[in-house]
Amino acid sequence: MLKPATTSAKEKDPAQPRIDAAIISTLPPNSENGKRITKAVATFIAKDLRPYSVVDNTGFHYLLKTIEPRYKIPSRSHFTENVIPALYHETKAQIITSMSQASRAAITCDSWTSVTTESYVTITAHYVSKDWQIMSHVLQTRAIYESHMGAHLAELLSRVVEEWQLSDKSVVLVTDNASNMIVAAQVGKFPHVKCFAHTLNLASQRAMKVGTLSRFLGRVRRISTFFHRSTRASQCLKEKQKCLGLKNHKLITDVPTRWNNAYDMVERFLEQQPSVCATLLSLEVRKGESDLCTLNETDVSNAEDAVSALKPMKDATMLMSEESNPTVSLIAPLNAQLLQSMTDTMGDTPMIHEIKNAIRTDLQKRYSSEAEKKILYTASALDPRFKGLPFILPEEERLEIYKGVTEEAASLEIKSRTHDEDEVEVPRRKETLEEEESSPIEDNHSPSPPKRKRSPLMTLLGQSFTDTEGTIEPKTPYAKAEEEMEKYCKAPPLPLTEEPLNWWREHQVTFPLFSQLSKQYLCIPGTSVSAERVFSTEGDMVTAKISTLKPEHVDQLVSLQKNLNIPKC
């Protein structure tokens with residue numbers, strides 16, 4: 001009789017956990033590794049502008065499970081209500097500490113509207129650090145529910161200054177030329193600088209409305225629209241470009257709200273004009289579009305005139321978009337140079353004459369305030385590249401600027417001396433009181449202190465050198481400032497290719513007063529571009545998919561995305 005077969009191993013109990021599964025336990029959320037991963041996830045959400053719902057996605061769970069099987073990701077509400085706010089407040093505290101060391105700060109302000117038609121105002125701050133670096137931070141993005149009147153904006157800006165502890169920083173406000181922003185600066189009593197990039201845009205937009213140029217732009221836009229709407233036409237254009245050896249295969253494009261996009265459109269039209277004309281002639285255009293094929297030499301000549309006349313405005317706009325170097329000191333010399341460039345010259349065509357006249361007329365009415373001109377000229381004088389103020393200024397006005405800079409530098413010395421005396425006086429009074437309390441009451445029988453012996457050096461030279469030293473009077477603050485101004489003017493100007501803050505860092509010992517003053521002026525941005533650039537961030541964030549974000553969450557995420565520093569991988 002056959003015996004039943006026996007197994008060499010025991011039957012596996014499905015309820016019995018495997019050894020490798022038993023070893024993998026859940027990572028405690030309060031452990032150092034757990035908190036580190038949670039913070040990294042929050043950083044990922046903020047820096048990459050991911051919706052909070054990403055923590056519920058299956059693929060994201062799989063990724064984290066693969067990296068760290070023991071980690072259990074917290075809920076979306078935990079990130080929304082706890083982790084992200086904690087990270088925001090931590091970053092905010094670091095920024096406040098950093099800004100507290102600056103002698104002055106400037107803020108820029110601009111408004112935008114989300115896809116959910118909510119109105120926001122974004123405020124950024126700028127200052128020069130101890131190591132002479134321009135620092136920029138997005139302070140906050142606030143929802144505005146009332147009208148954008150100047151008084152309401154002034155109240156908002158005042159709250160921002162107080163919340164971020166900038167009340168003692170002599171805050172300068174940089175905005176566009178909108179009337180409500182100008183009123184906000186007046187009501188809030190902020191020194192105000194109008195954005196030069198916006199000023200250039202207004203002047204250029206005015207030039208775009210010149211009759212001849214406006215009609216030409218209308219025709220080029222129609223050509224652009226034709227190629228973008230017809231896949232057959234766009235493909236044919238690319239083939240023509242390839243046959244002609246053109247490397248730039250981009251289509252002619254235009255964004256009507258920005259003048260420099262119209263300029264780029266015209267410039268690209270000139271580059272692609274042969275292939276565009278050849279393509280239009282080879283296509284059978286529909287009725288009503290036959291005028292697209294009638295481009296002639298006059299059109300090309302008009303395009304060349306427009307590019308030539310507007311080129312200085314484009315270059316100035318690109319230059320002012322720089323954020324790592326001071327830009328407020330560029331406004332006065334660039335504005336003067338542009339006004340000179342827009343003066344009629346022999347050989348100008350009628351189109352060029354109209355463009356120049358429109359730009360010059362618009363630029364001349366900007367920066368007329370005496371307070372604003374003082375800020376711009378002082379900043380240029382403190383920029384070693386432009387310290388000679390080599391732009392159109394009367395000699396008397398130039399000397400007045402130097403005098404104002406000297407007086408302001410002297411006031412810094414007075415404040416410094418007063419501050420030092422106050423710091424010394426307080427402990428001195430304390431020591432005197434302690435000595436009076438601890439010292440015994442002297443009587444007639446107390447021993448007198450021992451007399452010091454007169455040294456031979458004092459016997460021989462004491463009278464002469466003591467009297468001589470006693471006659472030397474310390475320099476007044478204004479005298480010290482005048483001496484620095486004289487040395488500063490004699491120093492060779494800095495080449496335009498060099499960075500002014502590097503120069504001041506190297507010469508701060510030679511010019512202790514002027515270097516302090518330069519930090520207070522060169523920290524001011526010449527444009528509000530930094531605030532406008534946040535719009536693309538916010539536009540990416542407040543999309544239809546995540547339009548339910550509360551305003552405070554928008555504020556936190558935008559601030560973290562711009563301010564949170566993470567190591568490069």
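Data table
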quantity: Note, ³J(HN,Hα) from phi for region 514-523, Karplus 6.51, -1.76, 1.60, rounded to Hz, x at Gly and Pro; calculated: 5, 5, 5, 5, 5, 4, 6, 10, 6, 7
quantity: Estimated FRET transfer efficiency when R0 is 45 angstrom, pair Q508-C569 (beta carbons, to 0.05); calculated: 0.80
quantity: Distance violations [Cα-Cα > 22 Å] among K194/K314; K487/K519; K92/K562; K311/K562; K130/K403; K238/K311; calculated: K311/K562; K130/K403; K238/K311
quantity: Point-to-point label distance, M346-Y478, nm (Cα→Cβ direction, 7 Å offset); calculated: 5.2 nm
quantity: Label-reachable residues, region 137-158, where backbone N falls under 19 Å from a point 7 Å from S167's Cα toward its Cβ; calculated: 154-158
quantity: Most to least accessible of S129, S111 (protein chains only, probe 1.4 Å); calculated: S111, S129
quantity: Stretchable slack from A278 to H78, in nm (0.36 nm times residue separation minus alpha-carbon distance); calculated: 65.9 nm
quantity: Summed side-chain charge close to G347 - residues other than G347 whose Cβ falls under 13 Å, Lys, Arg +1, Asp, Glu -1; calculated: -2
quantity: Charge context of L494, other residues only, Cβ under 11 angstrom, K/R +1, D/E -1; calculated: -2
quantity: Estimated distance in nm for a label pair at N33 and Q205, the labels positioned 7 Å out from Cα along Cα-to-Cβ; calculated: 5.8 nm
quantity: Percent of C-alpha pairs per 10 Å bin, region 88-244, short to long; calculated: 9, 27, 24, 16, 14, 9, 0
quantity: Projected label distance in nm at E118 and M135, using a 7 Å step from Cα toward the beta-carbon; calculated: 3.0 nm
quantity: Per-pair calculated FRET efficiency, R0 = 41 Å: K487 and K365 via Cβ, rounded to 0.05; calculated: 0.60
quantity: Efficiency of FRET between E397 and E498 - r from beta-carbon atoms, R0 35 angstrom, step 0.05; calculated: 0.85
quantity: Approximate shape of region 482-533 as ellipsoid semi-axes (Cα gyration tensor, √5λ), whole Å, largest first; calculated: 25, 13, 9
quantity: Theoretical gain in end-to-end length, R232 to K311 [0.36 nm per residue, Cα-Cα removed]; calculated: 25.1 nm
quantity: Alpha-carbon centroid distance for the pair region 148-171 / region 471-500, whole angstrom; calculated: 35 Å
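The values are calculated or read from the model by the stated rules, or taken from the named source; none is laboratory data. Here the structure is a predicted model, which is why all the values come from computation and not from measurement. Glycine gets a Cβ as well: all are built from the backbone with ideal geometry, and neighbour counts include every protein chain shown. Accessible surface areas use protein heavy atoms only, side chains included; no ligands, DNA or RNA. Shrake-Rupley method; radii C 1.70, N 1.55, O 1.52, S 1.80 Å.
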